[in-house]
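Each remark here refers to the structure printed beneath this line.
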Ligand SMILES: Cc1ncc(COP(=O)(O)O)c(C=O)c1O
């Protein structure tokens with residue numbers, strides 16, 4: 001007999017429903033009302049002219065391209081080249097840690113960090129509900145069960161209380177995400193809690209490289225492990241890529257083996273455990289190496305963007321700006337409307353004027369994958385703060401090419417939505433402007 005749940009259950013769950021139900025409309029048609037009513041609307045399309053402002057833009061310089069060329073000319077293209085080692089040294093220096101290993105992505109970095117925690121099917125891992133799906137996926141990849149935590153009231157991250165509420169005797173690890181580059185306000189207390197309980201603490205800084213906690217310390221220095229992403233929409237980028245770092249030297253050899261098929265340092269073809277290939281290639285490492293020194297400047301600019309957005313939106317009472325912490329330089333700048341309908345209409349209005357935005361995450365406990373996987377006890381819990389934020393939150397263009405005039409223009413379009421009598425400022429840019437700015441960075445100094 002099936003148990004009754006608040007959202008209903010599937011009788012014959014499929015492992016990958018997309019292979020059977022190919023029409024996207026059909027895939028959502030059978031979802032329970034609670035998911036259907038709260039799931040994100042289809043993404044807004046740009047007006048006829050296309051996107052004038054993308055939500056994020058990759059930023060890189062001539063030096064990145066020259067390094068890649070040098071790597072190619074010297075045959076230094078694989079994970080065994082000098083470039084990944086050089087990049088790892090820079091990360092060790094930046095975070096003051098003895099161990100850093102470049103990886104193929106943020107997700108693969110998280111995968112190996114969780115493997116290094118020796119998690120198994122009996123273990124529970126506490127994760128935020130409002131984060132990117134890779135966090136839950138990687139917990140499932142190591143065979144453990146993610147337990148989703150609500151956001152603390154008024155915060156983009158769970159606090160100690162929300163974590164304790166979901167803790168079980170089988171809890172073995174906690175993942176803190178510093179969502180959108182806003183430092184988790186309870187990170188010090190959570191680190192202490194993990195030490196007391198003997199839980200691993202993994203900081204996922206995929207959205208928060210260079211972010212500082214309220215006490216001024218870089219996030220990624222509180223946990224046993226930290227993982228980051230170098231995907232093209234991140235502060236610095238290798239196109240795709242990431243890294244894992246650890247606070248204690250003892251983790252070096254295990255992590256090194258875990259990113260590399262489980263190769264053993266002493267016996268080349270003896271494998272003592274099953275492991276992925278999660279290594280970063282030499283070209284990606286060459287590309288990102290010279291960007292590490294730019295990170296403080298990039299984060300300072302993010303701080304300016306946040307201050308400009310807050311200043312320009314201060315006279316829009318209908319809109320709440322994202323959580324502001326002591327060190328306010330988020331990866332992306334988020335705003336929250338009063339209700340879902342207004343959020344969607346405002347995003348449509350901005351898209352019509354070529355301004356791309358992105359919704360806050362859809363909470364992971366409500367993802368259709370749980371329903372199709374018949375993961376009872378996951379999709380039928382209620383996490384009110386995360387669920388409410390997902391309905392009203394979205395983020396505005398936030399990247400290294402934006403200047404104050406751009407923020408003023410974007411905000412004038414926001415204001416013209418709420419106050420139809422208000423004239424928007426003329427756009428200071430024309431189509432393709434970010435590509436022009438990027439190509440200026442790529443020009444060779446000819447002297
Ligand atoms: C919090 C979080 N964790 C993990 C990832 C996965 O990183 P990647 O896309 O490099 O695999 C992301 C990606 O943006 C993320 O936002």
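Using a Förster radius of 30 Å, what is the FRET efficiency between residue 444 and residue 49 based on their Cβ-Cβ separation? Nearest 0.05, please.
That pair, residue 444 with residue 49, gives E of 0.40.
How large is the Kirkwood hydrodynamic radius of segment 64-185, in angstrom, based on all distinct alpha carbon pairs?
Radius from the Kirkwood sum: 16.5 Å.
If we sort 32-39, 77-84 on the protection proxy, mean other Cβ atoms within 10 Å, highest first, what's the order?
Final packing ranking: 77-84, 32-39.
Give me the Kirkwood hydrodynamic radius of the chain in Å, from all C-alpha pairs, to one decimal place?
One decimal place: 23.1 Å for the Kirkwood radius.
Under a 10 Å cutoff between Cα atoms, tell me which one of 253, 348, 240 has the largest fluctuation in the Gaussian network model of the chain.
Among 253, 348, 240, the largest mean-square fluctuation in the Gaussian network model of the chain belongs to 253.
Show that you can apply the helix-only estimate: for the chain, add -39,500 (n - 2.57) for every DSSP H stretch of four or more residues, divide by all residues, and state [θ] at 222 nm to the nearest 500.
Roughly -10500 deg cm²/dmol at 222 nm, from the helical runs in the chain.
With just the Cα atoms defining each centre, how far is segment 230-250 from segment 48-66? Give it in Å.
20
Stretch residue 340-residue 140 to full length: gain in nm at 0.36 nm per residue minus the Cα-Cα span?
Taking 0.36 nm per residue and subtracting the Cα distance, the gain is 68.9 nm.
With r defined as the distance between the Cβ atoms of residue 133 and residue 404 and R0 fixed at 45 Å, what FRET efficiency is calculated, to the nearest 0.05?
0.85
Restricted to Cα positions, what overall size does segment 230-318 have along the principal axes? Three whole-Å values, descending.
The Cα atoms of segment 230-318 stretch 65, 27, 22 Å along the principal axes, largest first.
Note down the Stokes-Einstein diffusion coefficient of segment 143-186 in µm²/s, whole number, using a Kirkwood radius over alpha carbon pairs, 25 °C, and 0.890 mPa s.
Approximately 221 µm²/s, per Stokes-Einstein.
Give me the distance between the Cα centres of segment 375-427 and segment 149-180, rounded to whole Å.
24
Tell me the label-point distance for the pair residue 38, residue 249, using the 7 Å Cα-to-Cβ offset, in nm and rounded to one decimal.
4.8
Rounded to the nearest 5, what is the percent of antiparallel bridges among the DSSP beta bridges in the chain?
Antiparallel: roughly 55 percent of the beta bridges in the chain.
Spin-label point model (7 Å from Cα, Cβ direction): what's the residue 425 to residue 311 distance in nm?
That separation, rounded to one decimal, is 1.0 nm.
Sorted from fewest to most neighbouring beta carbons within 10 Å, what does the list 221, 274, 398 look like?
Arranged by neighbour count, lowest to highest, 221, 274, 398 become 274, 221, 398.
Values in this text are rule-based calculations from the coordinates and carry no lab data. Note that the structure is a prediction, hence the values are computed from the model and not measured. Ideal geometry is used to build each Cβ from the backbone, glycine not excepted, and the neighbour counts take in all protein chains shown.
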